[in-house]
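The values are calculated or read from the model by the stated rules, or taken from the named source; none is laboratory data. Note that this is a predicted model, so its numbers are computed, not measured. Here the Cβ is made from the backbone with ideal geometry for all residues, glycine too, and neighbour counts use every protein chain on show.
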Amino acid sequence: MESKPVHIAGSSWQLLRRWTALLLSGALLSACASGPTNYEGVSGGLRSYAGALRPPEGYKNVTLTRPNDVPTLLEGRQVFAATCAACHGPELRGRGLSGVNILPHPADLRAPRIGNLTDGELLGYIAEGVPGTGMPAWKLLLTRSQMEAVARYVRSRTLIMPKDTRTNPLPGTPPQIVLGRQNYIQTCAVCHGTNARGLSPAGRSLQPRPADLTAPEVQRYSDGQLMWILEHGIVGTPMRGWVTQKVIDRQQAWSILRYLRYLGRNEASPDTLPIFKDGFYSQYPVFQSVNNTTPQSVPSLPDP
């Protein structure tokens, strides 16, 4: 049965804050006990710990029953301040006083990739938490109504990506993907890591943490939206506008996106994927010279 909105006041607030402090203490102890970790190459079920988060099962198509109105947003802000702000910060940027001591760092809830989650997936993260991180399962403490109010509030603060219908003009051939990887390593890997999962040493020191570019919420962006990010960057984050600042041109940017689309369809580390196994590079001169013609015998990979 759907729970009714709950008003938190007086002693209830004190109890809620005590439970929150207890949950945060456990998260901090877990983070401290684990010590420094090399997250590169982590795969399978442990990828959630490395920051390559996947939405909880069964929530994708769940709809929120709380209306998107002022009372709901006010309650959501109130509950967020009591339970979430210590880690995610009052501005939702993942820079709370407790969050800076937790690895992986709390998510930047205003980032476009959060806005690309369905309402159900956002609710799922709140309710179920994220195993291996400091994010607890708030369903143990909050009512469904309160969690929905928080989801509505977070949604109201999320950056919305502009619609962009451009499609990638480059073919999805192996040589093009290899070239895209080369451009990615030179431009993006220092922050996002060689696996594109936001796990590099430099990336782990940034706030907000670089995105996992293989995650479903990122892969759902259109080609044009991903290009828009490469062109303009994301305000309030270390992500710069690589194209507008003329660090790379659009041709290089499109090749990077081809590589990221390929990674998004595969769970394994890039070095173990079929087209990146030893001996592949020697087959295609395009890796040595971008001016060479792509061999006609190379099969085209389907678009995502």
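Among the criteria (1) on the phi > 0 side of the Ramachandran plot; (2) within 15 Å of the chain's Cα centre (by Cα); (3) not aliphatic (A, V, I, L, M), the one GLY132 does not fulfil is (2).
Quick grid of which residues meet (1) in contact with an Asp or Glu (Cβ under 9 Å, 6 or more places away or on another chain); (2) surrounded by 18 or more Cβ atoms within 10 Å (Cβ to Cβ); (3) under 14 Å from ALA211 (Cα atoms):
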{"position": "GLN78", "(1), (2), (3)": "no, yes, no"}
{"position": "ALA81", "(1), (2), (3)": "no, no, no"}
{"position": "CYS87", "(1), (2), (3)": "no, yes, no"}
{"position": "PRO90", "(1), (2), (3)": "no, no, no"}
{"position": "SER98", "(1), (2), (3)": "no, yes, no"}
{"position": "PRO106", "(1), (2), (3)": "no, yes, yes"}
{"position": "ARG110", "(1), (2), (3)": "yes, yes, yes"}
{"position": "ASP119", "(1), (2), (3)": "yes, yes, no"}
{"position": "LEU123", "(1), (2), (3)": "yes, yes, no"}
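Candidates in the stretch 165-220 are the residues that are without any contact (Cβ under 8 Å) to a residue 12 or more places away in the chain and part of a helix (DSSP H, G or I); of these, the one that is farthest from ARG258 (Cα to Cα) is PRO201.
Going by the conditions given, is ARG144 over 15 Å from the mean Cα position of the chain (by Cα) and among the basic types (Lys, Arg)? Yes, satisfied.
Each residue in the stretch 191-212 was checked for being more than 17 Å from GLN252 (Cα to Cα) and either of a type in the set (A, V, I, L, M, F, W, C) or not assigned by TED's automatic domain parsing to the domain that holds ARG265 (or both), and 5 of them qualify.
If the condition is being modelled with pLDDT of 90 or more and within 30 Å of ASN101 (Cβ to Cβ), then the stretch 215-231 contributes only ILE229.
The single condition from (1) modelled with pLDDT of 85 or more; (2) at positive phi that LEU97 fails is (2). Out of everything in the stretch 133-143 that is surrounded by 19 or more Cβ atoms within 10 Å (Cβ to Cβ) and either within 18 Å of VAL218 (Cα to Cα) or in contact with a Ser or Thr (Cβ under 8 Å, 6 or more places away or on another chain) (or both), what residue ends up being modelled with the lowest pLDDT? Applying the filter and picking the extreme gives THR133.
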